[in-house]
Amino acid sequence: MAELSVATREALTKVGTSTLSGILSRRGLKNMFMQQVWPIRPDQARMVGPAYTMRFIPAREDKAGAARPGGPLQRQAMEECPPGHVLVVDARGDARAASAGDLYCGRLKARGCAGIVTDGGLRDTEGVAKTGLPAYHQRPSSPPSPIAHHPLELQVPIGCGGVAVYPGDIIVGDRDGVVVIPSDIVDAVAEEALAATLYDEFAEEELAKGRSLVGLFPTAGDEAKRDFAAWKKARGL
C-alpha cells in the first residue's frame, strides 16, 4: 500500500488542484481532474491521501443479497480502507442512489481515513459534514445505494469522474474539486507545485500593486525572476 512522506503530504495541503493539474498537464497527464465531482461543503477541510478503491456495477434484484466473504463488500470497504487513505468510489457517474451516507462516512472518519470521493451521490450530507470527513460527490442523493448500485470489487483500477484511478494513486481535493496524481511522481509534483504556489503569491502581490501581466504571468521574464528572488530573500525563503 502506498505511503506518503510527511513532507509531501504537507506540501499537497498547501497547493491548489489547479496548480497540480497544470503541472500534470505539462508532464503529459492531461486527464487527471475529476469531472462533475465537487465538495459537499466549500469550507470543508482539504483532502490528501492514497486511493483505496471500490467499484459499483448496476444493481440487479436477484444479486442484491449475494453473500460475500467478510460481510457485505460496501461495509468491508469502510472497515478496511487504511488510515490516511481516501476511499474512491466508481459509481459510473450515477447519482440516482447514494454511494454512502453519514454512518459509513463517520466510520471512515473514526478510523482515521482522509476522505471519500464518488462520482455518484452521497446521502445525509448534513450528517456527513458533521463527521468532519472531507467528502466529494456529484450531488446529494437520498435513496439508498442498492436501488442503483451493487458493490463488486475493492482495490482494483476504476474510473471516477472520467479519470482512471489505480489503488495507491494520490488523491488531492480542495474547493475546486479532485485531482489524481500517480504515486511514482508525487514527490516531484508536490515540490514543483509548492514552488509554483509561492510564485503565484508573489505575482498576486505584484498585480495588486498595478504591475502588468506581461513578463510576470504565465511566463516570468528576467525582471520578474530577479524581483521574485529578492521577494523570497526578504522573507527568508
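A short reminder: the numbers here are calculations on the coordinates, not readings from a lab. None of the values given here were measured: they were computed from a predicted structure. In this analysis, Cβ positions are derived from the backbone assuming ideal geometry, glycine residues included, and neighbour counts consider all displayed protein chains.
By the helix-only formula, in which each DSSP H run with n ≥ 4 contributes -39500 (n - 2.57) and the sum is divided by residues, the chain has a 222 nm mean residue ellipticity of -10000 deg cm²/dmol. Across Ile181, Ile23, Ile170, mean-square fluctuation computed from a Gaussian network of the chain (C-alpha pairs under 10 Å connected) peaks at Ile23. Rounded to whole numbers, the Karplus 3J(HN,Hα) couplings from phi for region 166-172 are 9, x, x, 4, 8, 10, 10 Hz, using 6.51 cos²θ - 1.76 cosθ + 1.60 with θ = phi - 60°, and x at Gly and Pro. In region 6-183, a dipole from Cβ-located charges (positive for Lys and Arg, negative for Asp and Glu) runs towards its positive end, and of Tyr52, Gly22, Cys81 it is Gly22 whose Cα lies farthest in that direction. Apply the a/c threshold of 1.5 to the C-alpha gyration tensor of region 99-237 and tell me whether it is rounded, prolate or oblate. Since a/c reaches 1.5 and a/b is larger than b/c, the shape of region 99-237 is classed as prolate.
Using a Gaussian network model on the chain with a 10 Å cutoff between Cα atoms, which of Glu191, Glu205, Glu79 fluctuates the most? Highest fluctuation among the options: Glu205. In order along region 173-182, the phi-based Karplus estimate (6.51 cos²θ - 1.76 cosθ + 1.60, θ = phi - 60°) of 3J(HN,Hα) comes to x, 9, 5, 7, x, 10, 10, 10, 10, x Hz; Gly and Pro are listed as x.
Explain nothing, just the number: dipole magnitude of the chain about its Cα centre with +1 on each Lys and Arg Cβ and -1 on each Asp and Glu Cβ, in debye rounded to the nearest 20.
Details: 28 positive and 29 negative charges, 59 e Å.
Taking the Cα centre of the chain as origin, the dipole is about 280 debye.
Amide H contacts of Thr53: Val88, Gln155, Val156, each under 5 Å away and 5 or more positions distant or on a separate chain (H built 1.01 Å from N in the peptide plane; Pro and chain starts excluded). Most fluctuating residue of Ala77, Ala135, Ala114 in a GNM of the chain with Cα springs under 10 Å: which is it? Between Ala77, Ala135, Ala114, it is Ala77 that shows the largest mean-square fluctuation.
With an 8 Å cut-off on Cα pairs and a minimum separation of 6 or more residues, tell me the relative contact order of the chain in percent. Dividing the mean separation by the residue count of the chain yields 28 percent. Considering only alpha-carbon pairs that sit under 8 angstrom and 6 or more positions apart, the relative contact order computed for region 150-237 is 13 percent.
Each principal axis of the chain carries a Cα extent, and these read 69, 31, 31 Å when sorted largest first.
Taking amide hydrogens as placed 1.01 Å from N in the peptide plane, the amide H of Ser99 sits under 5 Å from those of Gly121, Leu122, Arg123, each at least 5 positions away in sequence or on another chain. A simple rule links phi to the HN-Hα coupling: the Karplus curve 6.51 cos²θ - 1.76 cosθ + 1.60 with θ = phi - 60°, which for region 148-156 gives 10, 10, 10, x, 10, 9, 10, 6, 10 Hz, with x for Gly and Pro.
Based on the convex hull around the alpha carbon atoms, region 189-234 presents an average projected area of 3.2 nm². Beta-bridge orientation, the chain: approximately 55 percent antiparallel, per DSSP, counting only bridges with both partners inside. Under a 5 Å amide H cut-off, with hydrogens placed 1.01 Å from N, His85 pairs with Ala114 among residues at least 5 apart or on other chains.
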